Amino acid sequence: MTFELRPGETIADALPPAEAGLVFVGRIRTPWTDRAACPRQGRADGPVCTIEVFEPWASGGALDGIEAHHRIEVLYWLHLARRDLLRQTPMTHGRAYGTFALRSPLRPNPIGTSIVELLGREGAVLRVRGLDCLDGTPLLDLKPERSGFQPPAPPTPGDAEIG
């Protein structure tokens, strides 16, 4: 896939060597197959999409309890994104900005995030609404939405005596 530079955009001469490894834990299925059709932000009234979780996470218990969360954060690898832009010019206007000043998917480490509504789970497949990525996007991680997450309360004295 080739990308034309817009006025004001600059690229890095060479990317530094990789210093970290990632594991894709699943695959995201959406109706979008090209960047032009894909929404820039997920929408609460968007189409139902699916998240397929791979083994060993699918049957190993990694999804246990996820149904208790109405909204989850999905982290994914934008595998088709350009990674060498230092400055970018958004399509909506002609001014260039530094990559780290934008939410553009074109970044040194193209990690995307969406907060989605969890509609249901069928085995290793989650049905969600609110994604904004291409069909086949690799899944990095799933987490309960930050604002709604309440960790289990620590035990208090006397808890073991109840029951």
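The values are calculated or read from the model by the stated rules, or taken from the named source; none is laboratory data. Quick caveat, the model's predicted, so the values are computed rather than measured. Virtual Cβ from ideal backbone geometry, glycine too; neighbours counted across all protein chains shown.
Could you please give the count of residues in segment 23-39 that are surrounded by 13 or more Cβ atoms within 10 Å (Cβ to Cβ) and in a loop (DSSP other than H, G, I, E, B)?
Kept after step one, since they are surrounded by 13 or more Cβ atoms within 10 Å (Cβ to Cβ), are these residues of segment 23-39: 24-32, 35, 38-39.
Okay, now just the ones that are also in a loop (DSSP other than H, G, I, E, B), so 24-25, 30-32, 35, 38-39.
Residues meeting the conditions: 8.
Checking Arg103 against (1) surrounded by 12 or more Cβ atoms within 10 Å (Cβ to Cβ); (2) without any contact (Cβ under 8 Å) to a residue 12 or more places away in the chain, which test does it fail?
(1) is the only condition that Arg103 fails.
Pick from segment 45-65 the residues that are over 11 Å from Val128 (Cβ atoms) and of a type in the set (A, V, I, L, M, F, W, C): which of them is surrounded by the most Cβ atoms within 10 Å (Cβ to Cβ)? Break it down into steps so the answer makes sense when it comes.
Keep residues of segment 45-65 that are over 11 Å from Val128 (Cβ atoms), which gives 45, 52-65.
With of a type in the set (A, V, I, L, M, F, W, C) added as a condition, the list becomes 53-54, 57-58, 62-63.
Numbers: Val53: 22, Phe54: 15, Trp57: 16, Ala58: 16, Ala62: 16, Leu63: 19.
Looking at the filtered set, the residue picked out is Val53.
Matching residues to (1) under 13 Å from the mean Cα position of the chain (by Cα); (2) within 18 Å of Ser59 (Cα to Cα):
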| residue | (1), (2) |
| --- | --- |
| Ser114 | yes, no |
| Arg121 | no, yes |
| Arg127 | no, yes |
| Thr137 | yes, no |
| Leu142 | yes, yes |
| Glu145 | yes, no |
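For Glu73, indicate whether it is acidic (Asp, Glu), more than 28 Å from Pro90 (Cβ to Cβ) and surrounded by 11 or more Cβ atoms within 10 Å (Cβ to Cβ).
Details: acidic (Asp, Glu): yes; more than 28 Å from Pro90 (Cβ to Cβ): no; surrounded by 11 or more Cβ atoms within 10 Å (Cβ to Cβ): yes.
Criteria not met by Glu73.
Out of all the residues in segment 58-85, which are more than 15 Å from Pro144 (Cβ to Cβ) and touching a residue at least 60 places away in the same chain (Cβ under 8 Å)? Write out each step before concluding.
If we filter segment 58-85 for residues that are more than 15 Å from Pro144 (Cβ to Cβ), which is where we start, we get 58-61, 76-85.
Within segment 58-85, Ala58, Ser59, Tyr76, Trp77, Leu80, Arg82, Arg83, Asp84, Leu85 meet the criteria.
Quick one: in segment 58-78, which of the residues that are in contact with a Pro (Cβ under 6 Å, 6 or more places away or on another chain) and in a loop (DSSP other than H, G, I, E, B) is nearest to Leu126 (Cα to Cα)?
Across segment 58-78, the extreme among qualifying residues is His69.
Based on this model, can you work out whether Gly42 counts as surrounded by fewer than 13 Cβ atoms within 10 Å (Cβ to Cβ) and either in a loop (DSSP other than H, G, I, E, B) or touching a residue at least 40 places away in the same chain (Cβ under 8 Å) (or both)?
Numbers: surrounded by fewer than 13 Cβ atoms within 10 Å (Cβ to Cβ): no; either in a loop (DSSP other than H, G, I, E, B) or touching a residue at least 40 places away in the same chain (Cβ under 8 Å) (or both): yes.
Considered against the rule, which asks whether it is surrounded by fewer than 13 Cβ atoms within 10 Å (Cβ to Cβ) and either in a loop (DSSP other than H, G, I, E, B) or touching a residue at least 40 places away in the same chain (Cβ under 8 Å) (or both), Gly42 comes out as no.
Would you point out the residue of segment 76-97, among those that are under 21 Å from Asp34 (Cβ atoms), of a type in the set (Ser, Thr, Tyr) and surrounded by 14 or more Cβ atoms within 10 Å (Cβ to Cβ), that is farthest from the chain's Cα centre (by Cα)?
Applying the filter and picking the extreme gives Thr89.
Given the residues Arg35, Arg43, Arg27, Arg6, which is the only one that is at pLDDT 90 or above and either over 30 Å from His93 (Cα atoms) or of a type in the set (D, E, K, R) (or both)?
Working: Arg35 fails: at pLDDT 90 or above; Arg43 fails: at pLDDT 90 or above; Arg6 fails: at pLDDT 90 or above.
Just a single option satisfies the conditions, and that option is Arg27.
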